[in-house]
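Every read-out reported here was derived from the displayed coordinates using simple, explicitly stated rules and does not represent laboratory data. Keep in mind the model is a prediction, meaning the values are calculated, not measured. As a convention, Cβ positions derive from the backbone with ideal geometry for all residues, glycine included, and neighbour counts pool all protein chains shown.
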Amino acid sequence: MDRETIIEASKKHDVVAGKKFTYGTAGFRMNADLLDGVTFRVGLLSALRSRKFNGKAIGVMITASHNPPVDNGVKIVDPYGDMLEQDWEAHATSLVNAPSHEDLADNFFKLAGNLKIDLATPGKVIAGRDTRPSGITLVTALADSLAATKTEFVDFKILTTPQLHYMIRCNNTAGTPASYGEGSEVGYYNKLVEAFYRALHGRFQCGGKLHVDCANGVGGPKLKELLKIHDATNMESGLVVEVHNDDVLRPEVLNLDCGADFVKTRQRAPPSPKPASGERYCSLDGDADRLIYYWTDISTNGFFMFDGDRIASLAASFIAELCKTAGIDDILRIGVVQTAYANGASTKYIEKHLKLPTICTPTGVKHLHHAATRFDIGVYFEANGHGTVLFSLDAMRCFKTREPQSPAQKEAQETLSALGDLINQTVGDAVSDMLMVEVILAHKKWTLKDWAVTYEDLPNRLVRVEVGNKDLFETTDAERKLSKPAGIQEEIDREVKKYNNARSFARASGTENACRVYAEAATRSEADELANKVAQIVQ
Ligand code: NG1
Ligand code: ZN
């Protein structure tokens with residue numbers, strides 16, 4: 001590996017001068033035209049990251065998820081399939097902001113020295129991308145930096161974000177006791193379909209058709225591949241899926257008036273698919289890591305949404321019941337991880353009704369994921385539908401090897417074990433989460449209406465506030481309080497006290513140049529009023 005080669009390769013992939021790039025919650029994400037040099041430089045960092053782990057494969061995912069089609073993004077996946085370790089986010093930021101090609105190469109070697117990385121070790125990087133056409137050029141920039149650093153490069157081309165995370169874990173655990181499955185797309189579908197049938201344990205989905213809105217993104221073609229395998233088995237699950245919004249040939253329709261982010265932020269169904277009575281609906285986002293269920297009542301034009309909080313409480317309730325039936329509820333600790341955006345009614349339901357502990361972390365799945373590992377079974381979801389359920393190795397071992405005392409215990413253990421295989425253990429996965437929801441509804445013999453009555457959400461409002469400098473806003477207490485600018489939190493507290501059952505907080509967005517204000521209260525008008533008042537305080 002030599003300095004000149006890196007400099008020459010870098011000259012083909014300039015970064016836009018004068019712009020400051022930051023590795024945020026979603027890696028680097030912005031207009032795709034600004035990302036060529038950024039992606040090249042992320043490639044350099046992934047080459048170092050792989051060598052830091054003695055050549056284990058590192059993932060690079062190119063996606064801008066639910067953002068408009070003109071955007072794109074690039075983020076790194078660590079060897080175990082989780083997100084890039086936080087300390088390295090700063091290294092990514094410093095490398096990407098190097099002022100010249102020469103500085104970039106110097107920083108690269110300096111970083112290798114500081115981090116005690118042996119550059120003679122082989123390195124390996126695996127890439128995946130969503131359906132955005134700009135992804136193709138960005139992969140070229142990535143390939144160039146990996147060639148310049150003599151790093152093995154495998155391009156998996158179009159994948160959902162969670163599929164890439166899955167591949168990375170499979171790749172790095174192959175042939176070990178922690179083996180996670182076959183590291184190919186077909187391996188992923190086979191694993192999910194097999195675990196889905198096993199988790200159903202002979203039950204059927206009787207609740208009519210499931211309509212899936214795929215946001216015109218990568219989830220569409222990938223879900224269809226999975227369904228082919230599901231339908232080709234000689235087993236019956238009762239699951240009938242109709243795929244909608246799966247046009248990936250017209251890039252401009254990606255996330256347009258559809259998808260999980262549309263449903264969650266607009267709090268209404270997308271114009272298509274047209275609602276039909278008694279059938280279930282769900283939406284994925286542009287890279288298929290978020291899931292929102294919903295149903296529309298045609299007679300009353302009513303709309304009901306099942307967001308991440310609902311999915312988390314459904315999963316927690318089902319898994320806790322199974323552990324009880326299996327007689328292992330006193331051995332395994334189950335908990336739910338949420339953020340400050342979780343509806344207060346969901347937290348109350350989990351703590352008071354399900355009697356399970358909850359943890360609140362700052363926004364961003366890496367925080368939730370980390371906190372969830374503190375439980376034997378950690379359920380984590382952001383309200384926007386991004387989340388999963390983590391089972392510790394001890395928990396999985398317990399399901400598989402504990403001697404059951406009755407047929408009921410045996411069945412519960414087997415179902416738990418199947419859920420551990422069905423639910424993506426690396427990151428939130430809309431397709432895997434959707435199959436989990438279908439399994440639970442089939443076991444409980446629930447329609448979406450049965451699910452809806454478990455608790456009633458507090459009316460809430462989320463507003464985006466343009467501020468001069470969002471970096472002035474600093475938070476504490478898992479983002480529920482502002483520590484800076486001084487005095488603002490006291491003003492917010494004074495407003496909140498005027499309302500019933502109310503809660504409100506403000507924080508700087510990690511992905512946009514703005515602040516977000518969240519408020520909930522006993523009535524819709526109070527929630528709106530409180531959100532507006534707090535927004536005025538912040539402005
Ligand atoms: P920011 O912009 O930091 O609020 C948003 C979402 C997060 C998370 C990230 C990454 C809300 C309120 N915030 O973060 O939940 O998903 O984007 O996509 O939905
Ligand atoms: Zn996403």
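When +1 charges are put on Lys and Arg Cβ atoms and -1 charges on Asp and Glu Cβ atoms, the dipole computed for the chain relative to its Cα centre reaches about 580 debye.
So what is the calculated 222 nm ellipticity per residue for the chain, using -39500 (n - 2.57) for each DSSP H run with n of 4 or more, over all residues, to the nearest 500 deg cm²/dmol? Walk me through the numbers before you get to the answer.
Working: 18 runs with 217 residues, N = 539.
Counting only the DSSP helices, I get -12500 deg cm²/dmol.
Each of Ile7, Ile334, Ile377 has some number of other Cβ atoms within 10 Å of its Cβ, and from fewest to most they run Ile7, Ile334, Ile377.
Can you classify the stretch 39-126 as rounded, prolate or oblate using the Cα gyration tensor, where a ≥ b ≥ c are the square roots of its eigenvalues, rounded means a/c under 1.5, and otherwise it's prolate if a/b beats b/c and oblate if not? Each step should come with its number before you reach the end.
Working: a/c = 2.13, a/b = 1.28, b/c = 1.67.
Taking the square roots of the gyration eigenvalues as a ≥ b ≥ c, the stretch 39-126 is oblate.
Which shape class, rounded, prolate or oblate, goes with the stretch 308-452 when its Cα gyration tensor gives a ≥ b ≥ c as root eigenvalues, a/c under 1.5 marks rounded, and past that a/b bigger than b/c marks prolate? Let's see the in-between values first.
Values: a/c = 1.59, a/b = 1.37, b/c = 1.16.
Here the stretch 308-452 falls in the prolate category.
Return the equivalent ellipsoid semi-axes of the stretch 386-539 as a descending list in whole Å, where each equals the square root of 5 times an eigenvalue of the C-alpha gyration tensor. Intermediate results must be reported in sequence, preceding the final value.
Numbers: eigenvalues 355, 78, 40 Å².
Semi-axes (√(5λ), whole Å): 42, 20, 14.
A 27 angstrom limit on the alpha carbon distance is what I want to check against. Which of Lys228/Lys445; Lys324/Lys348; Lys352/Lys400; Lys348/Lys445 exceed it?
Pairs exceeding 27 Å: Lys352/Lys400.
Restricting the trypsin sites (Lys or Arg not before Pro) of the stretch 459-515 to loop positions (DSSP other than H, G, I, E, B) with no more than 16 neighbouring Cβ atoms within 10 Å leaves Lys497, Lys498.
Extension gain Ala178-Lys445, at 0.36 nm per residue separation less the Cα-Cα distance, in nm?
Values: separation 267, 0.36 × 267 = 96.12 nm, distance 3.43 nm.
Result for the pair: 92.7 nm of gain on full extension.
For Lys157, what is the net charge nearby, where nearby means another residue's Cβ is under 11 Å from its Cβ and Lys, Arg count +1, Asp, Glu -1?
Values: positive: Arg129; negative: Asp130, Asp155, Glu185.
Once positives and negatives cancel, what remains is -2.
Taking the centroid of alpha carbons for each part, the stretch 336-358 and the stretch 100-158 are 41 Å apart.
Note on Cys258, Cys360: ascending count of other Cβ atoms within 10 Å places them as Cys360, Cys258, the fewest first. At an R0 of 25 angstrom, the distance between the Cβ atoms of Lys497 and Gln539 translates into a FRET efficiency of 0.75.
Output needed for the stretch 3-158: three equivalent-ellipsoid semi-axes, defined as square roots of 5 times the C-alpha gyration tensor eigenvalues, in descending order, whole Å.
For the stretch 3-158, the semi-axes come out at 21, 17, 14 Å.
Gain on full extension, evaluated as 0.36 nm per residue between Val16 and Thr93 minus their Cα-Cα distance, stands at 26.3 nm.
With Cα atoms defining each centre, the stretch 431-489 and the stretch 206-277 are spaced 23 Å apart in the structure. Is the shape of the stretch 170-240 best called rounded, prolate or oblate, per the rule: a/c under 1.5 gives rounded, else a/b larger than b/c gives prolate, else oblate, with a ≥ b ≥ c the square roots of the Cα gyration tensor eigenvalues? The shape class here is oblate.
Overall dimensions of the stretch 185-306, expressed as equivalent-ellipsoid semi-axes from the Cα gyration tensor (√(5λ), whole Å, largest first), are 25, 19, 11. Projecting label points 7 angstrom from Cα along Cα→Cβ for Ser100 and Met1 puts them 2.3 nm apart.
Debye-formula intensities of the stretch 460-538, expressed as log10 I(q)/I(0) at q = 0.20, 0.28 Å⁻¹, are -0.79, -1.41 (one equal scatterer per alpha-carbon, no solvent). Here is the list for the stretch 16-78: trypsin sites (Lys or Arg not before Pro) lying in DSSP coil, each with at most 16 other C-beta atoms within 10 angstrom of its C-beta, are Lys19, Lys20. Each of Thr454, Thr339 was scored by other Cβ atoms within 10 Å of its Cβ. Arranged with the fewest first, they read Thr454, Thr339. Based on the convex hull around the alpha carbon atoms, the chain presents an average projected area of 24.7 nm².
Return the aspartates and glutamates within reach of Lys116: Cα separation strictly under 19 angstrom, same-chain partners fewer than 8 residues apart disregarded; answer none if there are no such residues. Within the straight-line cut-off, Lys116 pairs with Asp2, Asp78, Glu85, Asp87, Glu89, Asp106.
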